[in-house]
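Below is one structure, written out as structure tokens; comments come after it.
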Amino acid sequence: MYAFNHFNFNVRDLDRSLAFYKEALGLEPVRWNRQEDFTIVFLGDGTTGFQLELTWLKDREEPYDLGECEYHLALTAEDMEAARRHHEAMGCVCFVNEAMGIYFIEDPDGYWIEIIPPRKRD
């Protein structure tokens with residue numbers, strides 16, 4: 001049996017990414033691993049056990065090749081309207097699919113995060 005543990009994004013500016021994830025999604029550091037050549041920070045929401053791992057490499061300056069961004073992280077927003085207003089004010093909304101009732105935000109390194117409404121019970 002397996003349980004979800006974490007998902008990783010590599011970042012170029014750790015402070016900028018930490019500020020983005022706190023403001024955009026309320027994610028806070030829950031664990032740090034500081035090494036000479038890299039730092040790993042695990043972010044959590046304080047509610048679920050899932051964590052987002054941010055990895056910063058000391059000497060990395062060039063942007064990461066994200067391919068065609070055919071992958072993404074998805075989070076559920078309890079209040080979609082308030083979340084979207086907040087993300088639009090931040091200027092990080094990069095794609096909206098009104099028909100599906102979802103939208104995506106983009107982090108400072110170009111990763112897309114899908115914002116979805118709570119699942120309706122049948």
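The values are calculated or read from the model by the stated rules, or taken from the named source; none is laboratory data. None of the values given here were measured: they were computed from a predicted structure. Neighbour counts run over all protein chains shown; Cβ positions are idealised from the backbone, glycine included. The area values use the complete protein model at the heavy-atom level, side chains included, leaving out ligands, DNA and RNA. Shrake-Rupley method; radii C 1.70, N 1.55, O 1.52, S 1.80 Å.
Using equal-weight Cα scatterers in the Debye expression, the normalised intensity of the stretch 1-42 in log10 at q = 0.28 Å⁻¹ is -1.16. Would you mind getting me the FRET efficiency between Met80 and Lys58? Use the beta-carbon distance for r and R0 = 22 Å, nearest 0.05. After rounding, the FRET efficiency stands at 0.05. Taking every protein chain into account, the accessible area of the chain amounts to 69 square angstrom per residue (probe 1.4 Å).
Rounded to the nearest 10 degrees, the angle from helix 80-90 to the longest Cα principal axis of the chain is 50 degrees. Using a cut-off of under 11 Å, list every residue of the stretch 1-37 whose amide N is near the label point 7 Å from the Cα of Thr48 along the Cα-to-beta-carbon line. Residues 4-7 fall inside that zone. Here is the list for the stretch 11-67: GluC sites (Glu not before Pro) lying in DSSP coil, each with at most 11 other C-beta atoms within 10 angstrom of its C-beta, are Glu36, Glu61.
In plain terms, if you count all Cα to Cα distances in the chain and split them into 10 Å steps from zero, the share in each step is 12, 42, 35, 10, 1, 0 percent.
The calculated FRET efficiency for His72 paired with Met1, based on their beta-carbon distance and R0 = 22 Å, is about 0.30. Using a cutoff of 8 angstrom between alpha carbon atoms and counting only pairs six or more residues apart, the relative contact order for the stretch 3-94 works out to 28 percent. Here the accessible area is traced with a 1.4 Å probe on the protein chains. For the stretch 6-122, carbon and sulfur cover 47 percent of it.
For Arg16 and Glu88, the difference between the fully extended length at 0.36 nm per residue and the C-alpha to C-alpha distance is 24.1 nm. Only helices enter the 222 nm calculation for the chain: every DSSP H run of n ≥ 4 contributes -39,500 (n - 2.57), and dividing by all residues gives -6000 deg cm²/dmol, rounded to 500.
Relative to the longest principal axis of the Cα atoms of the chain, helix 14-25 runs at roughly 20 degrees.
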